[in-house]
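This is the structure I have questions about; it appears just below.
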Amino acid sequence: MDGKPRRISCSRDGMTMKQNLTAHKVKSILKMLSLPIMVFLIMNTIDLIATGQGVISSGTDVRALFRNILTTFSFALALNCNLRVGRMDLSLGSQMYLACIFGGNLALQMGLGGVGVLIFSMVLGLLCGLLVGSLYVQLRILPMIFGIGMSLIFECLSFGAYNQQGLMLYGKPGISILSEIWFVVAVIVIMIAVMTFMFQYSTFGYKGRAVQGGQRLASDAGVNIYTNCIISYTLAGTLAACAGVFNTAFMGTLVPTLDMGSNGMFFGSMFPMFVGTWLGAFVGNPVMGVLCGTISVRLLGLGLAKLSMEGMVQNIIIFSLFLLFMILRDNMSKWSYRKKRRARMALAKQTRLEMGLAEA
Amino acid sequence: MKKRALALALVLSMTFGLTACGNGNSTSQGSNGGNTTTAQADSGSGETAAPSQAGAAGEAKTPQDFKKFKIGVMESQSNDSTVLRRNYYENYIAPRYNVEFVFSEQVKSAEDEMNFIENCVDMGVDGIISYRSSPDVNQIIQVCEEYELLYSVNTTRTPMVEDAFTGGYQTMTGVWGTEPSIVSNEFKEWIKSVASEDGSEGFMVTSALAFQGNTMHAECTQGVLAALQDIYGLTYEDTIENLAATSVPLEVPNDKGLNIYIYPGTNSTSDNWVQGASTALQTGKYGVFLQAAPTYGYTGVAVDEVERGFDMNIKVAVNASISDTLVTAFNTDDKFGNSSLDMATVQSVSFLSAMGFIQVYNHLTGYEHLNRMANGEPAFFNMPIWALSSREQVNQAATWDNAEKETWIFNEDAINAALGICNPDLTNEKLVDYYKSITLDWVIEHMS
Amino acid sequence: MENTKENKLPQGTRKLGVMDHIRIIRDKPMFPLIFPLTVLILIIAGFGIATEGGFFRKTVLMGVFNQALIIATVSTAMTFVFAAGNMDISVGSAMAFSAVAGVYAYNATGSVFFMVVVCLVIGVVLMSFNGFIHAMFGVRTIIISIVMMQLYSAIVSLILGPDTVSIDYGLCRQLENAGFRNISFILFFVFCMILFHSTSVGRKLKFVGGNARCAQQTGIQYKNTVLISFAVAGLGVGLSAVFSIIRTSTVGTTLGAGMGMDVMLAVVLGGMSIFGGSRSNAYAGLLGAVTVSALNKGLLMCDVSPMLIQGVRGIVFLILVFLNSERPATLPSAQD
């Protein structure tokens, strides 16, 4: 402001820079955590005022919350695998159904319990994702259209198998582990570790970011976009299956559906995913961001459920907030730029005024 | 050159198509039924081909004495019951009664119904058995009347479908289903047997689709509220009908301050439905849990967690159908070693399916008077429902209606007893009494 | 110099292979019309043979068209949105909303004209709202449509509650027998064809869909173009609401469920890319809708199990789309 150049202080051993870096990191983490904390505080306050009970009022609330967080987190991550490069895979829900129904029933027939159901379902999910990815790479049909077609086929397969019973986990031996908090937390932690490694520290993640920047450029730079795509689909299928297992464990049963009825979870996970990727940008880790986004949206849903609102009204509120968020997200930089531009113009005017006065 | 070749190919295929069309319009028999449809559509008299073949009253006939009828089956759901029904119709009834069935995909709206009906007309179908109960019945019967297609629907006679009864439609064969008051009576009796004297345990009712006009669910919920009113002498602040039709979760206000909670919806109406039900149960205020629809598979885990967390035994009753899911639920122990389901009001798939078939078949074979009440209006046939309250009963019931073993509750003998061609002296009243006589004891005796 | 058959090709020249010939055929301007039409004819011919001529009856073929009418109307209108490179799957919910408003308007006034006007206006308002959000705030249309789909259907459920609303069935039959739907659709179709293929509106949409930045630099206002496309789509949605009311005379909460996907299916089967661009056309919706309807009807008449119909539909759909699409050098995505 005074026209003199600013000096960046930097000591010999770089301590000040390190401190600055640490402060920046802490600030970023706090920014990322601010949304779930804010949502919790707001919903808790509203619930206390309206019902006399907070958002989380019992141990079973905590258990249900953790389970729902895992389900949504897993599915949102699955979405993110392809959506970050502009592929909207509408077959993800049907992959989940197919993997859980076949994998889960196979595991139950072998008497393998909850962990077996989870592993088998995830393996089937991996295979489903691999199949869809491979077919997509071969056929090169638009991903949304391809997803619709595969969804129709997978739903049909899920429906026709096992006497249309789907997957029934309620009352089956060894399934209760899927509802235990410690197990749910362990799975979340493992998922964070694995997916952070995959997205941030592996070659797949590195190449994925290159593809995200520009497919043609990445291809010209030597990235095998096809292998990367197949791995993305495979990961997505595995994660979707994991989400499906925990969701079924809570619901008790997974009933097969037709007519694209499997898309419910897909649409329901978009809000957490978009919020999550936005939050993840603060810390440069989309996985942690998606987790925070999931927690925020789940707390919102739990808080609204406590208010005994009609399901449709809850949907209206949640999706309205989704729309508002997207508008803000897509325009924040524009508005910030306009604000700065106005400030610069005001400064310029003032400066000219002063100069004019000075000249006079 | 290529354009010409392409044009030629197109012309050839058009010619081929037209030629085939011309051949298709010539006489054809069998399941295609093209002539039958044309003949029926052209007759304009509202009569099907069958009545002229019915013969003199008092003369028993066999199914082979009639042409092969084609019957459309319209399903509103896709689940194990519909698959079992299809098996029953295709593999058991069709060969025995010289009929052919055409099945719909899941019909979710009036538009889907219209499409299926038009498709059936094109296929020469003679009658429709519909399992989609909705206010659209009044419109659909008019469509069927126009196409001279018999129409039978699984519902009860409610104000919602009254126009279909009083409109004088010749093709309306009537309706059949379970009088909701029967279900609510079963619930009432069960509540009386399990509830405490002061009602302090609290009652939660999932009213399912009552708020969307589903009669069964509405009357189930009304029955529960009426039962509680009777048992505890309650006074509600609103009518039972309004309370049951609530679209938002509702703590029912009453003068005795009993905890009565109505939770509407199902898993299909809201993604958070299970979560909401779980949240309500986790308050620990409800020791009796009644479900108007078969949602126990979704709420079982939540109930189990609450029982463990609060050390309370929640009594669960549900309106369902016999299925593997029900059997598993009854055979699953809760924390206290009891069955996780305490009571289920069930229907037999073969019984339900047979009633629809009988209604249409009697009409087709010239015994439409069996489907008419004394005042000439279409009849409503009430289907008994059974209350199963032990795992032994449920395990036994699971052996009935078995497609693999071809053991059906409503077997050929039971069907024949309701058919006019086998019992020319049968009347509508006798038929109604016959259905009423099919009690649980009757089934146990016959199935053993 | 004459080129005779005996002339050898110059050195280094490769002879055209089968794939090359296929590519040449695909690049022909008429291919987007010929291919789906041929597929439709083959499907009808195939089912006709399988049903021993039953499928060729006039009532059956008219039934195919009648059942496709509503999807065809919306699909024709939605080609304007797709041509500009946008997407919207909230059409079903918007149609239900329009239909509810239309029925209430009729029941209040007894006027069919008023019912039609209300349906059209509501349809235009709802779809224009989607376009407005995209044009003003830059949010991707697919996201907007996912949100609005939920919002519109939730509002319809709140309005209708446990009831359905209906109008006099007799009136509907009169309108149907008078050919109201068919005539209206034909007029609307002709209007869309002229607007899309013969006016600057269609040219601008295709240009924007091909390369929005390039189009902007030639002076085409992206926002205005998009708003127009959504307004036309709204007309189609409103008209299909009227058709729906006339067809069934009743409106419930399930009306229009899944229509967004059906429309996309129809448009793609009709030979148009949902990413728009120069190969967009206004007849794709009609062709695709009739194809889907013929497929559904034919499978049912051939006694294919209802459980398998969906699977068969999915496989046929993928095969047809694969045959009709140009295989890009890289993977297709919204980025490109």
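The values are calculated or read from the model by the stated rules, or taken from the named source; none is laboratory data. Please read these numbers as outputs of a predicted model, since none were measured by experiment. Using ideal geometry, Cβ is built from the backbone for each residue, glycine included, and neighbour counts are taken over all protein chains shown. Just the protein is used for accessible areas: all its heavy atoms, side chains included, with ligands, DNA and RNA removed. Shrake-Rupley method; radii C 1.70, N 1.55, O 1.52, S 1.80 Å.
Output the residues belonging to segment B:281-325 that are at the interface with chain A (Cβ under 9 Å from one of its Cβ atoms), under 25 Å from B:Ala397 (Cβ atoms), out of contact with any Asp or Glu (no Cβ under 9 Å at 6 or more places or on another chain) and surrounded by fewer than 24 Cβ atoms within 10 Å (Cβ to Cβ).
The one that is at the interface with chain A (Cβ under 9 Å from one of its Cβ atoms), under 25 Å from B:Ala397 (Cβ atoms), out of contact with any Asp or Glu (no Cβ under 9 Å at 6 or more places or on another chain) and surrounded by fewer than 24 Cβ atoms within 10 Å (Cβ to Cβ): B:Tyr298.
Still on this structure: Across segment B:103-127, what is the total count of residues that are free of Cβ contacts under 8 Å to residues at least 60 places away in the same chain, more than 7 Å from chain C (Cβ to nearest Cβ) and in a strand (DSSP E or B)?
Looking only at that region, the number is 1.
So, one more: Among the numbered criteria (1) under 20 Å from the mean Cα position of the chain (by Cα); (2) open to solvent by 30 Å² or more (accessible area, probe 1.4 Å), which one does C:Arg181 miss?
With respect to (1) under 20 Å from the mean Cα position of the chain (by Cα); (2) open to solvent by 30 Å² or more (accessible area, probe 1.4 Å), C:Arg181 is out only on (2).
How many residues does segment A:309-336 hold that are more than 14 Å from chain B (Cβ to nearest Cβ), of a type in the set (S, T, N, Q) and closer than 30 Å to B:Ile262 by Cβ?
1
Also, I was wondering about something else. Looking at the structure I just gave you, is B:Glu162 open to solvent by 50 Å² or more (accessible area, probe 1.4 Å), at pLDDT below 90, in contact with a strand residue (DSSP E or B) (Cβ under 7 Å, 6 or more places away or on another chain) and under 24 Å from B:Gln222 (Cβ atoms)?
no
Before we move on, is C:Leu323 at pLDDT below 85, under 30 Å from A:Asp220 (Cβ atoms) and in contact with a Cys (Cβ under 9 Å, 6 or more places away or on another chain)?
no
Exactly one condition in (1) farther than 21 Å from A:Ser308 by Cβ; (2) open to solvent by 60 Å² or more (accessible area, probe 1.4 Å) is not met by B:Ala227; state its number.
Of the numbered conditions (1) farther than 21 Å from A:Ser308 by Cβ; (2) open to solvent by 60 Å² or more (accessible area, probe 1.4 Å), the odd one out for B:Ala227 is (2).
What single numbered condition from (1) crowded, with 23+ Cβ neighbours inside 10 Å; (2) of a type outside the set (Asp, Glu); (3) away from every other protein chain (no Cβ under 11 Å); (4) outside any helix (DSSP H, G or I) fails to hold for A:Pro256?
For A:Pro256, the failing item is (3).
Does segment A:133-148 contain any residue that is outside any helix (DSSP H, G or I) and in contact with an Asp or Glu (Cβ under 8 Å, 6 or more places away or on another chain)?
Among the residues of segment A:133-148, not one is outside any helix (DSSP H, G or I) and in contact with an Asp or Glu (Cβ under 8 Å, 6 or more places away or on another chain), which makes the answer no.
Matching residues to (1) surrounded by fewer than 24 Cβ atoms within 10 Å (Cβ to Cβ); (2) away from chain B (no Cβ under 14 Å); (3) part of a helix (DSSP H, G or I):
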residue	(1), (2), (3)
C:Leu42	yes, no, yes
C:Val74	no, no, yes
C:Met95	no, no, yes
C:Val100	no, no, yes
C:Val116	yes, yes, yes
C:Val121	yes, yes, yes
C:Leu126	no, yes, yes
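Of all residues in segment A:198-226, which are more than 21 Å from A:Arg140 (Cα to Cα) and among the polar types (S, T, N, Q)?
Of everything in segment A:198-226, those that are more than 21 Å from A:Arg140 (Cα to Cα) and among the polar types (S, T, N, Q) turn out to be A:Gln200, A:Ser202, A:Thr203.
For segment C:134-159, how many residues meet the condition of being over 14 Å from C:Val251 (Cβ atoms) and open to solvent by 50 Å² or more (accessible area, probe 1.4 Å)?
Within segment C:134-159, residues that are over 14 Å from C:Val251 (Cβ atoms) and open to solvent by 50 Å² or more (accessible area, probe 1.4 Å) number 4.
Considering segment C:156-187 alone, what residues qualify as being of a type in the set (A, V, I, L, M, F, W, C) and either within 7 Å of another protein chain (Cβ to nearest Cβ) or free of Cβ contacts under 8 Å to residues at least 12 places away in the same chain (or both)?
C:Leu158, C:Ala178, C:Ile183, C:Ile186, C:Leu187
Sticking with this structure for a sec: For B:Asn91, all conditions in the list (1) at pLDDT below 50; (2) away from chain C (no Cβ under 11 Å); (3) not in a loop (DSSP other than H, G, I, E, B) hold save one; what is the number of the exception?
(1)
Restricting to segment B:176-207, and then to whatever is modelled with pLDDT under 90 and of a type in the set (A, V, I, L, M), can you tell me which residue is surrounded by the fewest Cβ atoms within 10 Å (Cβ to Cβ)?
That would be B:Val194.
Turning to a different aspect of this structure: Inspect segment C:160-175 for any residue being under 17 Å from the mean Cα position of the chain (by Cα) and either among the aliphatic types (A, V, I, L, M) or open to solvent by less than 70 Å² (accessible area, probe 1.4 Å) (or both) and give the result as yes or no.
No - not one qualifying residue is present in segment C:160-175.
Residues in segment C:264-271: is at least one open to solvent by less than 10 Å² (accessible area, probe 1.4 Å), in contact with a His (Cβ under 9 Å, 6 or more places away or on another chain), more than 10 Å from every other protein chain (Cβ to nearest Cβ) and small (Gly, Ala, Ser)?
No, there is no match, as no residue in segment C:264-271 is open to solvent by less than 10 Å² (accessible area, probe 1.4 Å), in contact with a His (Cβ under 9 Å, 6 or more places away or on another chain), more than 10 Å from every other protein chain (Cβ to nearest Cβ) and small (Gly, Ala, Ser).
Looking at (1) open to solvent by less than 10 Å² (accessible area, probe 1.4 Å); (2) in contact with a strand residue (DSSP E or B) (Cβ under 8 Å, 6 or more places away or on another chain), which is the only condition B:Ala94 fails?
Of (1) open to solvent by less than 10 Å² (accessible area, probe 1.4 Å); (2) in contact with a strand residue (DSSP E or B) (Cβ under 8 Å, 6 or more places away or on another chain), only one is false for B:Ala94: (1).
Identify, from the list A:Lys339, A:Lys306, the residue that is within 10 Å of another protein chain (Cβ to nearest Cβ), of a type outside the set (S, T, N, Q) and more than 30 Å from C:Gly314 (Cα to Cα).
Step by step, each of A:Lys339, A:Lys306 is checked, and only A:Lys306 is within 10 Å of another protein chain (Cβ to nearest Cβ), of a type outside the set (S, T, N, Q) and more than 30 Å from C:Gly314 (Cα to Cα).
Let me ask something else. Any residue in segment B:400-412 that's more than 18 Å from B:Asp441 (Cβ to Cβ): show its pairings with residues that are open to solvent by 60 Å² or more (accessible area, probe 1.4 Å) at Cβ separation under 6 Å, as long as the two are six or more apart or on different chains.
From segment B:400-412, the pairs are B:Glu412/B:Arg96.
Within segment A:66-74, is there a residue that is facing another protein chain (nearest Cβ under 10 Å) and modelled with pLDDT under 95?
Yes - at least one qualifying residue is present in segment A:66-74.
If you don't mind, there's one more thing I want to ask. Looking at B:Ala210, is it within 28 Å of B:Thr283 (Cβ to Cβ), within 14 Å of chain C (Cβ to nearest Cβ), open to solvent by less than 10 Å² (accessible area, probe 1.4 Å) and not polar (S, T, N, Q)?
Against the criterion (within 28 Å of B:Thr283 (Cβ to Cβ), within 14 Å of chain C (Cβ to nearest Cβ), open to solvent by less than 10 Å² (accessible area, probe 1.4 Å) and not polar (S, T, N, Q)), B:Ala210 qualifies.
Please determine whether any residue of segment B:382-393 is without any contact (Cβ under 8 Å) to a residue 60 or more places away in the chain, open to solvent by 40 Å² or more (accessible area, probe 1.4 Å) and among the hydroxyl-bearing types (Ser, Thr, Tyr).
No, every residue in segment B:382-393 fails to be without any contact (Cβ under 8 Å) to a residue 60 or more places away in the chain, open to solvent by 40 Å² or more (accessible area, probe 1.4 Å) and among the hydroxyl-bearing types (Ser, Thr, Tyr).
Go through (1) among the acidic types (Asp, Glu); (2) more than 11 Å from chain C (Cβ to nearest Cβ); (3) open to solvent by less than 20 Å² (accessible area, probe 1.4 Å) one by one and return the number of the condition B:Glu75 breaks.
For B:Glu75, the exception is condition (2).
Also: Restricting to segment B:220-247, and then to whatever is touching a Gly at 6+ places or on another chain (Cβ under 9 Å) and within 14 Å of chain A (Cβ to nearest Cβ), can you tell me which residue is nearest to B:Met343 (Cα to Cα)?
B:Ala245
Taking the condition of being within 14 Å of chain A (Cβ to nearest Cβ) and not in a loop (DSSP other than H, G, I, E, B), how many residues in segment B:248-257 meet it?
2
On to the next question. Please verify whether B:Thr156 is at negative phi and over 15 Å from the mean Cα position of the chain (by Cα), treating the condition exactly as stated.
So B:Thr156 fails the test.
Go through (1) surrounded by 17 or more Cβ atoms within 10 Å (Cβ to Cβ); (2) facing another protein chain (nearest Cβ under 10 Å) for A:Asn163 and report which single condition fails.
Result: A:Asn163 fails condition (1) only.
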